[in-house]
Amino acid sequence: MKILITGGAGFIGSAVVRHIIQNTNNEVLNVDKLTYAGNLESLKEVDQNERYQFSQTDICDRIALDELFKDFQPDAVMHLAAESHVDRSISGPADFIETNIIGTYQLLEASRYYWNTLAGEKKSAFRFHHISTDEVYGDLEGTEDLFLETTPYAPSSPYSASKASSDHLVCAWHRTYGLPIVLTNCSNNYGPYHFPEKLIPLVILNALAGKSLPVYGNGAQIRDWLYVEDHARALYKVMTEAKVGETYNIGGHNEQKNIDVVKSICELLEELAPNKPEGIAQYQDLITYVTDRPGHDLRYAIDATKIKQDLNWVPEETFKTGLRKTVQWYLDHQDWVRNVQSGEYQNWVIQQYANA
Ligand code: NAD
Ligand code: TYD
């Protein structure tokens, strides 16, 4: 297969590209604008492979997309390119509207135009796989309910509202134009190559630097964490095995309170990085409760029964094994960390945590 992957230089996209190049014989064209979140360094393991190509392209650029489709002639599109950080969507929603909604629209139109030029088996086998988030469902109250594929959409943040919009466009392009789509909604990912604006890498790197570990509000919010390589495997399965028009929730069955995640990282660091920065007795002493995120979702939790039953997918990592691997990866990849903590990253940290 020839697979056009958008956002392949990001956290999850790069895991998907690595998974496909290393475990299948498929070809990949990685289409990525390389925003602050895109790092070609995350693809070093595969970028010399002859089945891998890269194009620095904005998905909002329809003319460029048409050229890429014409030249590459993909059998499938996996659409991961997005603005993905909730806090950034609160301080500046415009890029989220542009990339997540307009960009998805342009990609859908380029795909539809290309798909209409196909015939026979190449046309019927074509897939447009839209990668989305469980945040489109809003949040859950209490500790019992789970998100199902049928849960009504109720997004809270500009990020989740823009992803919900893109999901609706994708479903409409299927129903109205017959574009053969599949759609997945996943819980919070963690693992190697995660940009350090997100909770888990931020806490690991701040702790190692002896900086405060900012916990929003009381830290009692719950997320359902999935190791990124488990997600990449699930996405490939859905793209290659799911029936057209199907939607799957993907989750790790690993619900954790934010404060417990932060404490678990501190405990792992005590063991794996015992030489602490000067003046720090225990990593946990760095925990600092800061002003809560506006509109903060309380709890996300996925019911992943459908993907287990239909496609026989279950996560391989528990939170315990995955978090240990993740902390060790950051300890072993200080070069990658230094490269992504560029000027732009420093500006974000100053703006976001000014009063922490
Ligand atoms: P990320 O922010 O790490 O990477 C996004 C990538 O998209 C970057 O490489 C960036 O350069 C690229 N990009 C952004 N705007 C672009 C544009 N206009 N044109 C082309 N490329 C552009 O994101 P991620 O965490 O890897 O998430 C990937 C996808 O998975 C997103 O669609 C996100 O909504 C979804 N998702 C993420 C999570 C999570 O926990 N991170 C969970 C569920 C779903
Ligand atoms: P994040 O990694 O931004 O993912 P999302 O908002 O998409 O779930 O945040 C995970 C949780 O951690 C979320 O409840 C917000 C919280 N959080 C903090 O408490 N402190 C921080 O500095 C960050 C970045 C997040």
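The values are calculated or read from the model by the stated rules, or taken from the named source; none is laboratory data. Because the structure is predicted, anything quoted here is derived from the model rather than measured. Because the Cβ atoms are built from the backbone with ideal geometry, glycine has one as well, and the counts that use them run over all protein chains shown. Areas reflect the complete protein model, heavy atoms only, side chains present, ligands, DNA and RNA absent. Shrake-Rupley method; radii C 1.70, N 1.55, O 1.52, S 1.80 Å.
Summary of values
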quantity: Residue count for segment 222-260, restricted to those that are out of contact with any strand residue (DSSP E or B) (no Cβ under 7 Å at 6 or more places or on another chain) and more than 29 Å from Arg18 (Cβ to Cβ); calculated: 1
quantity: Every pair of residues 6+ apart whose Cβ atoms lie under 9 Å, when the first sits in segment 335-348 and is farther than 13 Å from Asn206 by Cβ and open to solvent by 50 Å² or more (accessible area, probe 1.4 Å) while the second is in a helix (DSSP H, G or I) and not aliphatic (A, V, I, L, M); calculated: Asp335/Glu41; Asn339/Glu41
quantity: Strands (runs of 3 or more DSSP E) lying entirely in segment 119-218 (those with 2 or more residues that are closer than 30 Å to Gly279 by Cα, in contact (Cβ under 8 Å) with a residue 12 or more places away in the chain and open to solvent by 20 Å² or more (accessible area, probe 1.4 Å)); calculated: none
quantity: Top-ranked residue in segment 278-319 [being assigned to a helix (DSSP H, G or I) and touching a residue at least 24 places away in the same chain (Cβ under 8 Å); ranked as most open to solvent (accessible area, probe 1.4 Å)]; calculated: Asp310
quantity: Pick from segment 238-262, criterion part of a helix (DSSP H, G or I) and away from ligand 1 (no atom under 16 Å from the Cβ), ranking: nearest to Tyr190 (Cα to Cα); calculated: Val262
quantity: Lone unmet requirement of (1) out of contact with any strand residue (DSSP E or B) (no Cβ under 9 Å at 6 or more places or on another chain); (2) more than 16 Å from ligand 1 (Cβ to nearest atom); (3) polar (S, T, N, Q) for Ser342; calculated: (2)
quantity: Of all residues making up segment 198-212, the number that are more than 16 Å from ligand 1 (Cβ to nearest atom) and basic (Lys, Arg); calculated: 1
quantity: Test for Asp47: is it more than 15 Å from the chain's Cα centre (by Cα), closer than 18 Å to Glu344 by Cβ and away from ligand 2 (no atom under 16 Å from the Cβ); calculated: no
quantity: Some residue of segment 220-231 being more than 16 Å from ligand 1 (Cβ to nearest atom), in a strand (DSSP E or B), crowded, with 21+ Cβ neighbours inside 10 Å and not small (Gly, Ala, Ser); calculated: no
quantity: Scan of segment 74-90 for residues that are outside any helix (DSSP H, G or I), within 12 Å of ligand 1 (Cβ to nearest atom) and either farther than 18 Å from Val170 by Cβ or over 17 Å from the mean Cα position of the chain (by Cα) (or both), ordered by number; calculated: His85
